[in-house]
Amino acid sequence: MPVAVSTFRTLSEAARAFESDRAARIYSGGTIVMRDVNEGDVSFNRLIRITDPAYRAVSVGSEIRLGGGVTMGEIAAHRDLAFLAPVARAVGGPQVRTVATVAGNLFAPRPYGEMAAALVALGAVAETAEGRRLPVEELVRGAPRALVAAVAFPRPSGDFRFAKVTRVRPKGAALMSIAALLPRGGSGETRIVFNGMGPHPVRAVAAERALAGRASDPSAIAAAARAAAEGLSPLDDALASAWYRREVAGVHLKRLLESR
Amino acid sequence: MAKTPIAFTHNGDERAVFVDDGQNLLDMLRRTAGDLTPKYGCGQGTCGACTVLVDGAPQLACITLAETVDGRRIDTVAGLAAGQGGGRLSPLQKAFMDNFAAQCGYCTDGMLMSATALLARNPRPSRDEVVEAISGNLCRCTGYEAIINAVLQAASGGGSAQAGRR
Ligand SMILES: Cc1cc2nc3c(=O)[nH]c(=O)nc-3n(C[C@H](O)[C@H](O)[C@H](O)COP(=O)(O)OP(=O)(O)OC[C@H]3O[C@@H](n4cnc5c(N)ncnc54)[C@H](O)[C@@H]3O)c2cc1C
């Protein structure tokens, strides 16, 4: 079935079109949605393109704001976003990163979603075209249909770390990935987020509790590693069984916390 | 089915074509523009055989909506040799020949375009940078070593592939 393409110059027009037409999907970088078009997916019959420059804008101050249409390639190359570059570079190969966007990553099915996991760890909020704000942590659990215009988060004052665990090198789908925000000097929130340990990026609450205020203490790291999979339901798929993921989650978390 | 007119630069030539709704760039290049160098491999962006450059950056033509290239520059392997005048192979293509970097040859065009993008941005890449640059291109003959050596040789101006290892 052919798919109609509607291109909008403003985010608000695109949002209205998207929210009023349940058979529409957004073509952001297209790396997921075009696969579905090629396969003849009939669950949608319209693609919405956004050419509003605001959708591609990056602003870096005490708050960092990334338009939904900012690409992984742009993040990887951005002078002031060096801490996020390892996450952006973990998404696909160079050709994918040329177009793959931040907003698309929030809706990517598992095992994808490295940037989504990082944004949950950074405490990011997603902004709609009308200015509504919703924590990315909630959005990834399944949010009401809305166009994500941008994501915003405070510039991390602590230590931000990221690791992607794959079986194929240099490129491959993630068995799991881990994003960690570790406050410096003991104040601030510790956030540990796993992708691959649940149906969407999830916080490892037990590990966070073990680490709170003492993320470099070896006994706290050991306790966090033991508790890494507590309360989580890892994916069970062709890449790895849930059992395997539960076994290795703590090992990879420990390596990330010990890395310097 | 609606047809949308678009114009783009194809290996230096101005082109104007009609694209179908939902048509991907690979289909447009092969069927409408008559350029058979980008290959159809998986149709899902996984194999890289359809890699072309859009405004100099590598993209997967099979998962790019054709109408997004309106007003942009597309470069494919068909333009590499022609760019050297009279069908002479480019240094990169020549290095692929010298290093036996093609076996069945199906991945070659995509590999060449990923390597072209790398060398334009970084004329003296390290081995690791070459590996990263072709990480989105699969070679099911598993001829990666020869391909990496070819890219390093082209980067070192045609000398020994070993030169690039240092
Ligand atoms: C070969 C290959 C390798 C890949 N490897 C990885 C990987 O390692 N890690 C990874 O995370 N991903 C990977 N991906 C998946 C994908 O490229 C990324 O997740 C990417 O960030 C998706 O963004 P996009 O802009 O291309 O999404 P699109 O395809 O444009 O959109 C995806 C979905 O999100 C919705 N959407 C898009 N924008 C918005 C918006 N603004 N508001 C509301 N909904 C929106 C769309 O409706 C659609 O359903 C890979 C893909 C390919 C083809």
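The values are calculated or read from the model by the stated rules, or taken from the named source; none is laboratory data. Only a predicted model underlies this, so the values are computations on that prediction, with no experimental measurement involved. No Cβ is skipped: glycine too gets one built from the backbone with ideal geometry, and neighbour counts run over all protein chains shown. Heads up: the accessible areas ignore ligands, DNA and RNA and are worked out on the full protein's heavy atoms, side chains in. Shrake-Rupley method; radii C 1.70, N 1.55, O 1.52, S 1.80 Å.
Here are the numbers for this structure:
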| item | result |
| --- | --- |
| Only listed residue being modelled with pLDDT under 95 and not small (Gly, Ala, Ser), chosen from B:Leu89, B:Leu138 | B:Leu89 |
| Near pairs, Cβ below 6 angstrom, 6+ apart or cross-chain, from the stretch A:56-75 (in contact (Cβ under 8 Å) with a residue 40 or more places away in the chain) to any residue that is of a type in the set (Ser, Thr, Tyr) and open to solvent by 30 Å² or more (accessible area, probe 1.4 Å) | A:Arg65/A:Ser59; A:Gly69/A:Ser28 |
| Helices (runs of 4 or more DSSP H) wholly inside the stretch A:33-146 containing at least 1 residues that are away from chain B (no Cβ under 13 Å), away from the ligand (no atom under 11 Å from the Cβ) and charged (D, E, K, R) | A:136-139 |
| Which listed residue, of A:Arg169, A:Arg209, A:Arg155, is closer than 22 Å to A:Arg141 by Cβ and among the basic types (Lys, Arg) | A:Arg209 |
| Residues that are open to solvent by 60 Å² or more (accessible area, probe 1.4 Å) and among the charged types (D, E, K, R), drawn from the stretch A:42-96 | A:Arg56, A:Glu63, A:Arg65, A:Glu74, A:Arg79, A:Asp80, A:Arg89 |
| For A:Leu182: the one exception among (1) touching an Asp or Glu at 6+ places or on another chain (Cβ under 9 Å); (2) over 16 Å from A:Ala124 (Cβ atoms); (3) not assigned by TED's automatic domain parsing to the domain that holds A:Ala210 | (3) |
| Lone unmet requirement of (1) at the interface with chain B (Cβ under 10 Å from one of its Cβ atoms); (2) free of Cβ contacts under 8 Å to residues at least 60 places away in the same chain for A:Gly29 | (2) |
